[in-house]
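Step one of this worksheet: look at the structure below.
The values are calculated or read from the model by the stated rules, or taken from the named source; none is laboratory data. For clarity, every value in this text was computed on a predicted model and none was experimentally measured. Here the Cβ is made from the backbone with ideal geometry for all residues, glycine too, and neighbour counts use every protein chain on show. The protein model used for the area step is the full one, side chains on, heavy atoms only, and it has no ligands, DNA or RNA in it. Shrake-Rupley method; radii C 1.70, N 1.55, O 1.52, S 1.80 Å.
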Amino acid sequence: MAKQSLFILGRQPILSCVELESLYKGFGKQRVGDVGMLINIDPEEVDFERLGGSVRLCEALNIIDNKSWSEIEKYLIQNVEKYLGNMPESKLNIGVSAFELSVDPKQIMSLELNIKRMAKQELGRSVRFIPNKDKALNSAQVIHNNLLDKNGLELIIVGEKTRAIVAKTIKIQNIADYSERDYGRPKRDPRVGMLPPKLAQIMVNLTAGNDNEVDKDNPPMILDPFCGTGVVLQEALLMGYKAYGTDIDERMVNYSRTNINEWLSNRIRRPFSAPATIEIGDATIYKWHQPFELVVSETYLGRALVSLPPEDKLIDIQRTCNTIIEKFLINLSKQVPSGFLACLALPAWRKPNGSLLRLPLIDRINDLGYNSVSFEYANNAPLIYSRETQIVAREILLLKRK
């Protein structure tokens, strides 16, 4: 039986799904509840560090045709040798994480004690289990308890309809690395928005089509025409692309140059495909002189808001953003060929009733010379990235030049 990969999705599961959909078009896929996606690809073939939307990469081991915890527990105890028998002879570190199952941490710990007893009796193996405070271990617990080492194992159990999928974790998001790439950069400015590196990765991947590997000999150039402090440029370089950034604000250009050409180049030991080109340019009128194959950008989000302004002020902010971004799209359309892809983060404002105030240009994308690319796993719903406390959300659009 061919190996399958189980991806445990991040906090924005729809965005996680469309990222995987974009990268693995030729592979069979299946949603697993609300938290996972099963793809017919060997985990060894997955460049997990490239993914911004998935928090775990797992190898699917088996399917239990029952999702009751008592049946799952019985199955795992009966198959102790199957999962532990081929592991190294030294003491084992093991954790169990359950998703979308009716079970509490005490029941999981009871299972772990039973597996530990069976491992000692049947296999003569010494096992240390990581105690569960919640149904699922968090990333820090998995990393700090060495569950990804040769003597470690995290068993993942995900409930789905009338069955449960058993898997083992192969890789997990490096939370410390993401934190450094976000908060460790020397130049940051919350007033111009702070695009999360994970979201920048997702956006780059949405433009990749089915190319889940970057051509190392001839990497594409990604342009960010609203480069700000350089997060898109940073992530593009780390993913193997060439990077080209422009911004109307000279201060932002200087910030990007410091973050990319000084801090990032010293932090990362592996060489980039080429140094980033970063220059001053108004995206609504600029003639980009470097050849570029893709655009990935967080556009102008309007002024930073700590509270929702009165309706008339909010409409003024919306109108200003809409004008700038529409002019940019018209300018870009004159400089790129048919079929060209651009992934953009646009502002959307969360109103008191929970609805979103979106940009009017979204309804007239066709008139601006573009088609909006849809995704099966989005079900025609807007791709929104936001946190509950945020007033300004990001709406993600993938556009194709007509």
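Relative contact order for the chain: what percent, with Cα pairs under 8 Å and sequence separation of 6 or more?
That works out to 15 percent.
Any chance you could tell me what percent of the C-alpha pair distances in the range 177-232 go past 15 Å? All intermediate terms of the calculation are to be shown ahead of the outcome.
Values: 859 of 1540 pairs.
Summing the P(r) tail past 15 Å for the range 177-232 gives 56 percent.
Give, as a single signed number, the net charge of other residues whose beta carbon lies under 15 Å from the beta carbon of ALA60, with Lys and Arg counted +1 and Asp and Glu -1.
Spelling it out: positives minus negatives among the neighbours equals +1.
Run a plain Debye calculation on the range 70-114 (Cα atoms as equal point scatterers, no solvent) and give log10 I(q)/I(0) at q = 0.21, 0.29 Å⁻¹, rounded to two decimals, same order as the q list.
-0.80, -1.23
Mind checking the full-extension length gain between SER90 and GLU262? Use 0.36 nm per residue of separation minus the Cα-Cα distance, one decimal, nm.
57.5 nm
In the neighborhood of VAL35, defined by Cβ-to-Cβ distances under 12 Å, what is the net charge if each Lys or Arg adds +1 and each Asp or Glu adds -1? Before the final figure, lay out each step's value.
Values: positive: ARG11, ARG31, ARG56, LYS135; negative: ASP34, GLU100, GLU160.
Local net charge: +1.
Pull out the extension gain between PHE48 and MET194, defined as 0.36 nm times the separation in residues minus the alpha carbon to alpha carbon distance; nm, one decimal. It would help to have the intermediate numbers written out before the result.
Values: separation 146, 0.36 × 146 = 52.56 nm, distance 2.34 nm.
The PHE48-MET194 span can extend by a further 50.2 nm.
Where only protein heavy atoms count, and the probe is 1.4 Å, what is the accessible area per residue for the range 61-115 in Å²?
Ligands and nucleic acids excluded, the result is 51 Å² per residue.
Work out the FRET efficiency for ALA176 and ASN380 from their Cβ-Cβ distance, taking R0 = 45 Å, and round it to the nearest 0.05.
Details: r = 37 Å, r/R0 = 0.83.
Efficiency, from the Cβ-Cβ distance: 0.75.
Could you tell me what percent of the accessible area of the range 109-248 is made up of carbon and sulfur, with a 1.4 Å probe and every protein chain present?
47 percent
Checking the a/c ratio against 1.5 first, then a/b against b/c, what shape does the Cα gyration tensor give for the range 312-402?
Oblate.
What percentage of all Cα-Cα pairs in the range 1-128 are separated by more than 26 Å?
33 percent
Cα-Cα pairs above 32 Å in the chain: how many percent?
In whole percent, the share of Cα-Cα pairs in the chain beyond 32 Å is 41.
Averaging sequence separations of C-alpha pairs under 8 Å and six or more residues apart, then dividing by the length of the range 147-264, give the relative contact order as a whole percent.
20 percent
Give the Rg/Rh ratio for the range 219-355, taking Rg as the radius of gyration of the Cα atoms and Rh as the Kirkwood radius, to two decimals.
That ratio equals 1.02.
If we sort 178-185, 163-170 on the protection proxy, mean other Cβ atoms within 10 Å, highest first, what's the order?
The packing order, highest mean first, is 163-170, 178-185.
Please name which of GLN107, MET118, ASN79 has its Cα lying farthest along the dipole of the range 78-140 towards the positive end, using unit charges on Cβ (Lys, Arg +1; Asp, Glu -1) and the Cα centre as origin.
After comparing all options, I get MET118.
Do you know the relative contact order of the range 1-104, to the nearest whole percent, from alpha carbon pairs under 8 angstrom that are 6+ apart?
Reported relative contact order: 32 percent.
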